[in-house]
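Structure first, commentary second.
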Amino acid sequence: MTRTLRALMGATALTAAGFAVAAQAETITIATVNNGDMIRMQGLTSHFTDMHPDIEVEWVTLEENVLRQNVTTDIATGGGQYDVITIGTYEVPIWGANDWLLSLDDLGDDYNVDDLLPAVRGGLTVDGTLYASPFYGESSMVMYRTDLMEAAGLEMPDEPSWEFIREAAAAMTDRENEIYGICLRGKAGWGENMAFLTAMGNSFGARWFDMDWRPQFDSEAWHNTLTFYIDMMNEYGPPGASNNGFNENLALFQTGKCGMWIDATVAASFVTNPDDSEVADSVGFALAPDNGLGRRGNWLWAWNLAIPASSDAPEAARAFIAWATGPGYTELVASEEGWANVPPGTRTSLYENQEYLDAAPFAEMTLRSMQAADPTNPAVDPVPYTGVQFVAIPEFAGLGTEVGQVFSAALAGQMSADEALEQAQELATEEMEAAGY
């Protein structure tokens with residue numbers, strides 16, 4: 001065999017091998033929410049693909065309500081559109097029990113499942129099987145402008161009451177300069193305004209259902225919750241608040257237009273980041289408010305990555321989840337963006353890391369807020385359900401959004417609080433009767 005022929009045959013073999021590698025490459029499609037931490041994850045994807053050149057990644061990034069609708073439709077129908085989905089603590093136990101998700105019990109030794117915060121891990125486990133891996137965990141807390149609080153002659157306690165919040169909102173409001181004392185969610189959605197109002201209702205003694213699954217929107221506690229919320233927002237909140245969700249209020253706060261914002265603890269890294277926030281040097285933190293009834297108006301949540309049972313690339317999807325939710329990703333973000341910007345609220349080790357504690361002035365309050373939430377006992381009075389800012393039953397996603405639309409309309413002035421509560425009671429009664437509760 002001539003040297004030229006051997007060279008040509010060798011080149012042909014290499015080309016064939018190249019085609020074989022290319023043929024083996026898998027593409028995974030990831031559906032996620034357009035929150036800042038997920039946008040950052042998307043920007044760091046090249047670190048994953050460098051480690052896994054046989055895996056290509058495509059992203060579908062959506063607004064929260066749209067993501068939920070698309071992902072729910074796809075997984076319920078077995079559509080197979082996504083290989084990795086971003087879902088919340090509400091969906092995981094329901095979908096896991098329905099065999100709609102694949103087990104994540106084996107994400108490798110480096111993943112260290114025992115490092116996950118027990119409350120977060122417990123919410124993602126069904127009958128001992130982990131069905132989703134937390135990307136970040138959160139509660140909710142008060143974020144406030146320390147300079148405006150000082151100018152108002154007030155001092156924010158670590159454990160404020162709702163009455164103090166209203167007093168402070170009044171003192172900090174300066175409509176002529178577009179500074180509003182309080183910014184809260186008003187956009188309709190079970191995970192938008194109803195996440196906030198359900199958690200707030202817990203602190204007022206409200207609950208969705210009594211122990212016999214009878215709706216409770218006709219109770220005095222819900223009347224007090226909704227009227228307090230609407231009155232405070234109308235007097236001291238921004239215009240158009242019924243259209244504002246997490247991202248809209250984040251933008252208002254970062255541009256100096258909110259005296260206080262009660263929302264997800266994960267926002268703390270954004271409002272204190274001088275590259276994004278005009279008020280980064282003047283932000284303080286406190287626990288979500290209470291009414292002296294033994295419950296605070298804070299929630300417990302995690303955004304998680306999971307694999308639909310319909311995925312045709314489960315092992316590639318598993319590799320991505322192990323990378324994106326493992327300890328190594330935390331180190332990567334810390335090296336690229338600084339410790340204050342790592343995804344919070346998932347691992348015990350993070351809150352034992354002095355570098356993180358030194359860089360994140362909100363770390364202690366985040367952990368305290370998460371520990372203050374009890375999904376197994378969320379309300380003042382006994383309830384038949386679990387979940388702090390949601391009711392862990394399949395019907396809640398649709399019902400919560402319908403009630404959210406009514407409450408958002410009341411905030412917009414299209415009906416009174418009592419009219420909204422009457423409609424909510426009717427909606428909930430019809431839904432529960434149809435579902436056979």
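The values are calculated or read from the model by the stated rules, or taken from the named source; none is laboratory data. Please read all numbers here as calculations on a predicted model, not as lab measurements. Because the Cβ atoms are built from the backbone with ideal geometry, glycine has one as well, and the counts that use them run over all protein chains shown. Heavy atoms of the whole protein, side chains included, go into the accessibility calculation; ligands, DNA and RNA do not. Shrake-Rupley method; radii C 1.70, N 1.55, O 1.52, S 1.80 Å.
When F204, F135, F164 are screened for being open to solvent by 20 Å² or more (accessible area, probe 1.4 Å), among the hydrophobic types (A, V, I, L, M, F, W, C), within 25 Å of D263 (Cβ to Cβ) and touching a Pro at 6+ places or on another chain (Cβ under 8 Å), only F164 passes. Among what's in the stretch 53-70 and is over 17 Å from E192 (Cα atoms) and in contact with a Phe, Trp or Tyr (Cβ under 8 Å, 6 or more places away or on another chain), pick the residue that is least open to solvent (accessible area, probe 1.4 Å). The residue in question is I55. Screening L250 against (1) within 21 Å of the chain's Cα centre (by Cα); (2) surrounded by fewer than 24 Cβ atoms within 10 Å (Cβ to Cβ) leaves a single unmet condition, (2).
Counting only helices (runs of 4 or more DSSP H) that sit completely within the stretch 44-122, those holding 2 or more residues that are closer than 15 Å to A319 by Cα and touching a residue at least 24 places away in the same chain (Cβ under 8 Å) correspond to 45-51. Among what's in the stretch 326-338 and is open to solvent by 10 Å² or more (accessible area, probe 1.4 Å) and in contact (Cβ under 8 Å) with a residue 60 or more places away in the chain, pick the residue that is nearest to G122 (Cα to Cα). The selected residue is P327. In this structure, does F285 turn out to be closer than 30 Å to A25 by Cβ, in contact with a strand residue (DSSP E or B) (Cβ under 8 Å, 6 or more places away or on another chain), touching a residue at least 40 places away in the same chain (Cβ under 8 Å) and open to solvent by less than 40 Å² (accessible area, probe 1.4 Å)? Considered against the rule, which asks whether it is closer than 30 Å to A25 by Cβ, in contact with a strand residue (DSSP E or B) (Cβ under 8 Å, 6 or more places away or on another chain), touching a residue at least 40 places away in the same chain (Cβ under 8 Å) and open to solvent by less than 40 Å² (accessible area, probe 1.4 Å), F285 comes out as no.
Restricting to the stretch 129-155, name every residue that is in a loop (DSSP other than H, G, I, E, B) and either in contact with a Gly (Cβ under 6 Å, 6 or more places away or on another chain) or closer than 23 Å to R347 by Cα (or both).
Y131, A132, S139
Taking the stated definitions as given, is T12 open to solvent by 80 Å² or more (accessible area, probe 1.4 Å), modelled with pLDDT under 90 and out of contact with any Pro (no Cβ under 9 Å at 6 or more places or on another chain)?
Working: open to solvent by 80 Å² or more (accessible area, probe 1.4 Å): yes; modelled with pLDDT under 90: yes; out of contact with any Pro (no Cβ under 9 Å at 6 or more places or on another chain): yes.
Yes: the conditions hold for T12.
Mind checking whether some residue in the stretch 341-360 is touching a residue at least 12 places away in the same chain (Cβ under 8 Å), surrounded by fewer than 18 Cβ atoms within 10 Å (Cβ to Cβ) and under 26 Å from Q389 (Cα atoms)? Yes: the stretch 341-360 contains one or more residues that are touching a residue at least 12 places away in the same chain (Cβ under 8 Å), surrounded by fewer than 18 Cβ atoms within 10 Å (Cβ to Cβ) and under 26 Å from Q389 (Cα atoms). The residue that is surrounded by the most Cβ atoms within 10 Å (Cβ to Cβ), among those in the stretch 220-238 that are closer than 14 Å to C258 by Cα and either out of contact with any helix residue (DSSP H, G or I) (no Cβ under 9 Å at 6 or more places or on another chain) or of a type in the set (A, V, I, L, M) (or both), is M233.
Here is a yes/no grid of residues against (1) more than 21 Å from R121 (Cβ to Cβ); (2) modelled with pLDDT of 95 or more; (3) part of a loop (DSSP other than H, G, I, E, B):
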position	(1), (2), (3)
E355	yes, yes, no
R368	no, no, no
D381	yes, yes, yes
A397	yes, no, no
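Against the definition (open to solvent by 10 Å² or more (accessible area, probe 1.4 Å), part of a loop (DSSP other than H, G, I, E, B), of a type in the set (D, E) and touching a residue at least 60 places away in the same chain (Cβ under 8 Å)), how does D312 come out, yes or no? So D312 fits the description; yes. I need the full set of residues from the stretch 419-437 which are charged (D, E, K, R) and exposed (fewer than 14 other Cβ atoms within 10 Å of the Cβ), in order please. Within the stretch 419-437, E419, E430, E433 qualify.
Can you find, within the stretch 387-408, the residue that is surrounded by the fewest Cβ atoms within 10 Å (Cβ to Cβ) among those that are of a type in the set (A, V, I, L, M, F, W, C) and within 16 Å of the chain's Cα centre (by Cα)? Among them, the one singled out is A392.
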